[in-house]
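*Asks:* Before anything else, here's the structure in question.
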Amino acid sequence: MTDSMHDDELWMPQRRRWLQHIGMGIGAIALELMLAQEAARGQPPVIKDKPHRDLHPRATHFEPKAKAMISLFQHGGPSHMDLTDPKPELTKFHGTDYQGDVGFSFVNQASKKLLGSPFAFAPRGNCGTELSELLPHTSGVIDEICLIRSMHTGNNGHEVSIRYFHGGIPGILGRPTLGSWLTYALGSESQDLPAYMVLSDPGGHPVDGVTNWSNGFMPALFQGTVLRPKEPRIFNLQPPPHLAGQMQQQNLELLHEINRQHTFRHPEEPELNARMATYELAARMQLAATDALDISKETQATLNLYGIDDPESREYGTRCLLARRLIERGVRFVQLFHSGQPWDHHDSIQKNLPAICRKTDKPVAGLVADLKQRGLLDSTLVHWGGEIGRLPVTQDHGSPDRAGRDHNGQGFSIWLSGGGIKGGMAFGKTDEFGHKAVEQLVTPNDFQATVMHLFGLDHTKVSFPYNNTQQFITSSRPARVVRELLA
Amino acid sequence: MLRSAYESPVDKRTEEQKMLLDKHPSVNISPGVLYQYLPEAAEELKKFDATIAEIRAKKPAETFLQALSEPPGHLPVTKLLHRGDLNQPTREISPGKLSVLVDETSSKHFNDDDPSLPTSGRRLAFAKWLTQTDPPNPLFVRAMVNRVWMHHFGKAIVATPGDFGKLGSPPTHPQLLDWLALDWIEHGWSFKHLHRRILLSTAYRQSSTRSPTGGSIDPDNRFYGRRDLQRIDAEVLRDSVLALSGELKPELYGAPIPLQEDEAGQVRLDPAQPRRSLYAKWRRTQPVALLQAFDAPVMGVLCESRPSSTVAPQSLMMMNNEFLLEQSEKIAKRVVSQSGISNTATPNSESFNQAVPGWQLPTAPASPWRYGTGTLHKETGKVEGFSEFLQKTQGRSHPGVQVPDATTGWVFLTESGGHPGNPAYPAIRRWIAPESGTVEISGSLSHGSQNGDGVIGSVSSKLGQAGSWRIQAGSVSTAVANLAVEAGDAIDLVLECGQNETSDSFTWTVKITWNPVARQPGEPAKNSIVFDSAIGFRLQQEDMSALGHQIIAAWKHILHRAPSDEELAVLARFVPAQLELLYREPQRLSNGSTPTLQVLTNICHMLLNTNEFLYAD
């Protein structure tokens, strides 16, 4: 602080003082945001018919358990009967014809020969939930995990089910994703970083591209901000040295004043205010993001926990660690994606499935363990899962070692941890071969309703008007909060 | 041995091998030295070269585009694909119309083959069906006018331009859509007519200002009670910036602008080709960062309508990306040259105050630098009779009204160097110590010409000569370590000609690091200050009188209006604060800028960031 600071400013909360003295553009908007935050969630919950276009922190409908969510999306359809859902019957009848009906995506290679898992299962942790040998590290944190074995999208296609998970209706484009809904309903906890961030893969976008973090019909304010997969993770984060610091602050103050004069000529244009806010956010991001993305001060033990010491898991581990650093700084929703769909094992599953497990198992388990040891797991919901699972029958490529599995949206597994979820629990069942979910079915809409519930939100009350209709994340399709999973 | 020497790679040869080869130059024949050994073979080689060049010149430029065409007499079989997968063909299907659009009385099918044409004629049949006029194709015409409308208004009549079906949105103005569609057909499918029809409409020509009543009745402006504010598209943004800097090359046609990566790995368009973004090269794997940030579509999927996002990475792009920074400086320089008031005009504080009433500019801090001439005493090594230059013109400091001067000759100093006078009048750049301490000098003296007899540079203080370098057509480091000074002591950088002053232009930039207290060897420097000779010259030469006019010119250039009184009041605070910062931290000018140019550049940069610039209202 400068010498000229008056004594009566000393009691001011640190951040507000920082903002007034160092912050950009006198921070009219930022200050407003911050005061809103300091008023302890003074904004009422979202109201039907009156959509807001701001990131003010908002009150929830009831006491939330989760404050942040890390979604580890596993594109392609992880093979549940090889990973999370042991099927002794499938092993027993391996090589014989399946008696039920099967919907195939790849008809030319379709066969009804049952394919027993080549991987061994064993009970894990105190809870005894069985997991495959391919997930040794996830097995180590199984007591923190609630495994849902009865997921059901009813559609075998990737995009159809991806859009169902993100946007609430199978196959439909142009809808806001779960992160957008949460950001809309809750506002931003962080004044220095975007509320909704996406950590993308060095190999490129996942299947269905930017739709995975689309704001759909909502304003762009609620769109996921993508971090680059390598350094610099955010382009243009720093000005050149001759502009850095005070000179850029002066420039941005000038910009803010010119824009403020402009809004007097164009009142009530939320878009103009939103753009002014992005400059303030950008200026704060320069400081905050630089700090959040710098993992050089993490201990070797932490790096090892995430598998960053191992070339195979380094990249995914680094992103898991960044996810923790972001939610620590108040980012609401962080989502990790793979390039393409690495779990889509139509071919040579025995060889290819272990590879993607080696890449992800340790980082994922490290994240849960690290959140736990830092006391963040109680308020952070971790989600692991793909959009579909795989069929119990063989996708035939001739030789047995090239055998794979086709798509299956009828029954598969995902897991949740922390954020008010009961740990050490397995929920729901598929049939004896793992083809269809048969007990306690959970749909993506149920999943969305449950996530909203954990954040203190009633999914039937969070709406946004579009096309003359109140839109909801589940699009008013049947959805229930799966209360059995709640701690 | 000679053979093994010849055959080993150049960088791996031993000293012995090198000597051996030097002794036998005839082994080392290259096309360049062939004539020394086999003149007739060299002639033959030249003929080959000429023939090669001749044939290369005949090679036609590849001006063609790859296109698919239909071979005659070929009736392809089309199969329904399972899940749209090429590898999963199912039953055979025949060419036909979209059945939902065909009334029950007419045929849903196209002919498999048109006997009057060499090819099957299927595509022609499809094109004719799309553009039939009686009755018009119900989908195609509406879809086209809907898209044109969307590009002008930022929103379409049917909000899903790629889906007029059940899953799409119904039209907000169905009669308007149909009227536009028929009007387009009646005017010969002329897009020019369609654009004119829309652009001359009352709906389009409205102001974007919201009225209180309109806002409460129709907050989303579904009924076009005013114009919607629209952010300019990515390409328009880039082109506008280039147009403002005067760099935009309006040539039509030709090869696309190549892609490059900047130092951080960010993809940009080749800055040497500032053509319209229409000519940008598009590669799916290398989206242009600037364009992509402002919602240019990813080329992997079809883009039927662009979103208009408002996110922080756009602001970071506008604030820190080198394209914006470079263009801002170019715009500032263009404003300076076009406003007709240069910074080296005669100082006139009156004109400044007229432009911007109430401005109080800070005075530049007293400079430690002096520019002049004198005599370097040969025995003491000290400068005697220092006389300061009184004239400043065109970035030069010199003694007489003109250069050369009758008495002193060609002597003058510039930001980075200068020219000595005749042997009695060396060019002397003097630095005066603010307080006692020690100084270290680093620098580089260069002389460019082979003609004449070179120059002598010397560093001199009250202790005598601390260093001296004679140089011709070359460059030398002029380092001096640990020279003790007291307040007011002069350090002179003396540049003398040799016997004569012809061809003696030189550059000599130095950094003087001043440490306030004498320190022991190895003791870390405390509060040392670096004085850069080039920045020092720029700071002192600066004339601020035109800045006000230039800022107003920048406003008119970028926003097409003069600043308002409120904005002038903001500027009256901004400009002095920024100048004061530059005086306090002159190292910010190490990019070669001057205080006024940097302030003007920053203002131009911020004007490009304003909502007024980024939105069409």
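The values are calculated or read from the model by the stated rules, or taken from the named source; none is laboratory data. As the structure is a computational prediction, the values presented were derived from the model and not from experiment. Note: ideal-geometry Cβ built from the backbone for every residue, glycine included; neighbour counts use all protein chains shown.
*Asks:* Being crowded, with 24+ Cβ neighbours inside 10 Å, closer than 19 Å to residue A:101 by Cα and not polar (S, T, N, Q) is the filter here; which residues of the stretch A:410-432 pass it?
*Replies:* The answer is A:411, A:412.
*Asks:* Keeping to the stretch A:138-163, report how many residues are modelled with pLDDT under 95 and polar (S, T, N, Q).
*Replies:* 2
*Asks:* Moving to a separate point now. For the stretch A:239-253: of the residues being in contact with a helix residue (DSSP H, G or I) (Cβ under 6 Å, 6 or more places away or on another chain) and assigned to a loop (DSSP other than H, G, I, E, B), which is nearest to residue B:610 (Cα to Cα)?
*Replies:* A:239
*Asks:* Right, something else. Could you grab me the full set of residues in the stretch A:218-238 that are farther than 25 Å from residue B:229 by Cβ, buried (at least 21 other Cβ atoms within 10 Å of the Cβ) and touching a residue at least 60 places away in the same chain (Cβ under 8 Å)?
*Replies:* Once the filter is applied, which keeps residues that are farther than 25 Å from residue B:229 by Cβ, buried (at least 21 other Cβ atoms within 10 Å of the Cβ) and touching a residue at least 60 places away in the same chain (Cβ under 8 Å), the stretch A:218-238 yields only A:227.
*Asks:* Then there's this: Yes or no: residue A:182 out of contact with any His (no Cβ under 9 Å at 6 or more places or on another chain) and either at pLDDT below 95 or within 22 Å of residue B:297 (Cβ to Cβ) (or both)? Don't jump to the end; show me each part of the working.
*Replies:* On the way: out of contact with any His (no Cβ under 9 Å at 6 or more places or on another chain): yes; either at pLDDT below 95 or within 22 Å of residue B:297 (Cβ to Cβ) (or both): no.
In short, no.
*Asks:* Within the stretch B:559-573, does at least one residue satisfy the condition of being under 27 Å from the mean Cα position of the chain (by Cα), in contact (Cβ under 8 Å) with a residue 24 or more places away in the chain and within 11 Å of chain A (Cβ to nearest Cβ)?
*Replies:* Yes - at least one qualifying residue is present in the stretch B:559-573.
*Asks:* Give all pairs with beta carbons closer than 7 Å in which a residue from the stretch A:149-160 that is more than 22 Å from residue A:427 (Cα to Cα) meets a residue that is of a type outside the set (Ser, Thr, Tyr) and assigned to a strand (DSSP E or B); count only pairs at least 6 apart in sequence or on separate chains.
*Replies:* Every condition considered, the pairs that remain are A:157/A:407.
*Asks:* Let me ask something else. Which of the residues belonging to the stretch A:267-308 are within 11 Å of chain B (Cβ to nearest Cβ) and either among the β-branched types (Val, Ile, Thr) or part of a loop (DSSP other than H, G, I, E, B) (or both)?
*Replies:* A:267, A:268, A:269, A:278
*Asks:* Determine which member of the set A:101, A:85 is assigned to a loop (DSSP other than H, G, I, E, B) and either modelled with pLDDT of 95 or more or within 16 Å of residue A:345 (Cα to Cα) (or both). Step through it out loud before you land on a result.
*Replies:* On the way: A:101 fails: either modelled with pLDDT of 95 or more or within 16 Å of residue A:345 (Cα to Cα) (or both).
Going through A:101, A:85 in turn, the sole match is A:85.
*Asks:* When the residues of the stretch A:220-238 are narrowed to those that are more than 8 Å from every other protein chain (Cβ to nearest Cβ) and in contact with a helix residue (DSSP H, G or I) (Cβ under 6 Å, 6 or more places away or on another chain), which ends up farthest from residue A:316 (Cα to Cα)?
*Replies:* A:222
*Asks:* Quick test for you: out of B:553, B:518, pick the one residue that is at pLDDT below 95 and in the same structural domain as residue B:494 (by TED's automatic domain parsing).
*Replies:* Of the residues listed, the single one that is at pLDDT below 95 and in the same structural domain as residue B:494 (by TED's automatic domain parsing) is B:518.
*Asks:* A further question follows. For residue A:281, work out the one condition from (1) farther than 23 Å from residue B:308 by Cα; (2) crowded, with 17+ Cβ neighbours inside 10 Å it doesn't fulfil.
*Replies:* (1)
*Asks:* Let me ask you something else. Look at residue B:577 and say whether it is surrounded by fewer than 19 Cβ atoms within 10 Å (Cβ to Cβ) and at the interface with chain A (Cβ under 8 Å from one of its Cβ atoms).
*Replies:* Answer is yes for this residue.
*Asks:* Now for a different question. In the stretch B:236-285, how many are surrounded by 13 or more Cβ atoms within 10 Å (Cβ to Cβ) and part of a loop (DSSP other than H, G, I, E, B)?
*Replies:* Here the count works out to 14.
*Asks:* With touching a residue at least 12 places away in the same chain (Cβ under 8 Å) and over 24 Å from residue A:53 (Cβ atoms) as the only criterion, which of A:243, A:303, A:272, A:254 stands out?
*Replies:* Answer to the selection: A:303.
*Asks:* Could you check, for the stretch A:239-250, whether at least one of its residues is facing another protein chain (nearest Cβ under 7 Å), surrounded by fewer than 20 Cβ atoms within 10 Å (Cβ to Cβ), within 30 Å of residue A:336 (Cβ to Cβ) and at pLDDT 85 or above?
*Replies:* yes
*Asks:* Given A:324, A:358, A:275, A:284, which one is closer than 26 Å to residue A:378 by Cα and not hydrophobic (A, V, I, L, M, F, W, C)?
*Replies:* Going through A:324, A:358, A:275, A:284 in turn, the sole match is A:324.
*Asks:* Right, something else. Name the residue, out of A:398, A:389, A:366, A:375, that is within 22 Å of the chain's Cα centre (by Cα) and surrounded by fewer than 24 Cβ atoms within 10 Å (Cβ to Cβ).
*Replies:* That would be A:375, the only listed residue that is within 22 Å of the chain's Cα centre (by Cα) and surrounded by fewer than 24 Cβ atoms within 10 Å (Cβ to Cβ).
*Asks:* Of all residues in the stretch B:209-235, which are under 35 Å from the mean Cα position of the chain (by Cα) and buried (at least 16 other Cβ atoms within 10 Å of the Cβ)? It would help to see each step written out before you state the result.
*Replies:* Within the stretch B:209-235, the first condition is being under 35 Å from the mean Cα position of the chain (by Cα), and the residues that meet it are B:209, B:227-235.
Answer for the stretch B:209-235, where residues must be under 35 Å from the mean Cα position of the chain (by Cα) and buried (at least 16 other Cβ atoms within 10 Å of the Cβ): B:227, B:228, B:229, B:230, B:231, B:232, B:233, B:234, B:235.
*Asks:* Going residue by residue through the stretch A:319-329, is there one that turns out to be modelled with pLDDT of 95 or more and either assigned to a loop (DSSP other than H, G, I, E, B) or among the polar types (S, T, N, Q) (or both)?
*Replies:* No, the conditions are met nowhere in the stretch A:319-329.
*Asks:* Which members of the stretch B:526-576 meet the condition of being under 27 Å from residue B:371 (Cβ atoms), of a type in the set (A, V, I, L, M, F, W, C) and in a helix (DSSP H, G or I)?
*Replies:* Hits for the stretch B:526-576 are B:534, B:535, B:537, B:539, B:547.
Listed here are the residues, each with its yes/no results for (1) part of a helix (DSSP H, G or I); (2) among the aromatic types (Phe, Trp, Tyr); (3) out of contact with any Asp or Glu (no Cβ under 7 Å at 6 or more places or on another chain).
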position	(1), (2), (3)
B:129	yes, yes, yes
B:149	yes, yes, yes
B:164	no, yes, yes
B:172	no, no, yes
B:176	yes, no, yes
B:179	yes, yes, yes
B:185	yes, no, yes
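*Asks:* Among the residues of the stretch B:599-612 satisfying the criterion of being part of a helix (DSSP H, G or I) and within 8 Å of chain A (Cβ to nearest Cβ), which is surrounded by the most Cβ atoms within 10 Å (Cβ to Cβ)?
*Replies:* B:603
*Asks:* For a quick check of your reading: which helices (runs of 4 or more DSSP H) sit entirely within the stretch A:113-209 and have at least 1 residues that are more than 14 Å from chain B (Cβ to nearest Cβ) and under 17 Å from residue A:451 (Cβ atoms)?
*Replies:* A:158-167, A:178-186
*Asks:* Also, quick follow-up: Which ones in the stretch B:122-156 are within 14 Å of another protein chain (Cβ to nearest Cβ) and without any contact (Cβ under 8 Å) to a residue 40 or more places away in the chain? Don't jump to the end; show me each part of the working.
*Replies:* Pass one, the stretch B:122-156, residues within 14 Å of another protein chain (Cβ to nearest Cβ): B:154-156.
Answer for the stretch B:122-156, where residues must be within 14 Å of another protein chain (Cβ to nearest Cβ) and without any contact (Cβ under 8 Å) to a residue 40 or more places away in the chain: there is none.
*Asks:* Among the residues of the stretch B:46-67, is there at least one that is surrounded by 12 or more Cβ atoms within 10 Å (Cβ to Cβ) and among the hydrophobic types (A, V, I, L, M, F, W, C)?
*Replies:* No: the stretch B:46-67 contains no residue that is surrounded by 12 or more Cβ atoms within 10 Å (Cβ to Cβ) and among the hydrophobic types (A, V, I, L, M, F, W, C).
*Asks:* Among the residues of the stretch B:487-499, what is the count of those that are in contact with an Asp or Glu (Cβ under 8 Å, 6 or more places away or on another chain) and either aliphatic (A, V, I, L, M) or modelled with pLDDT of 90 or more (or both)?
*Replies:* 2
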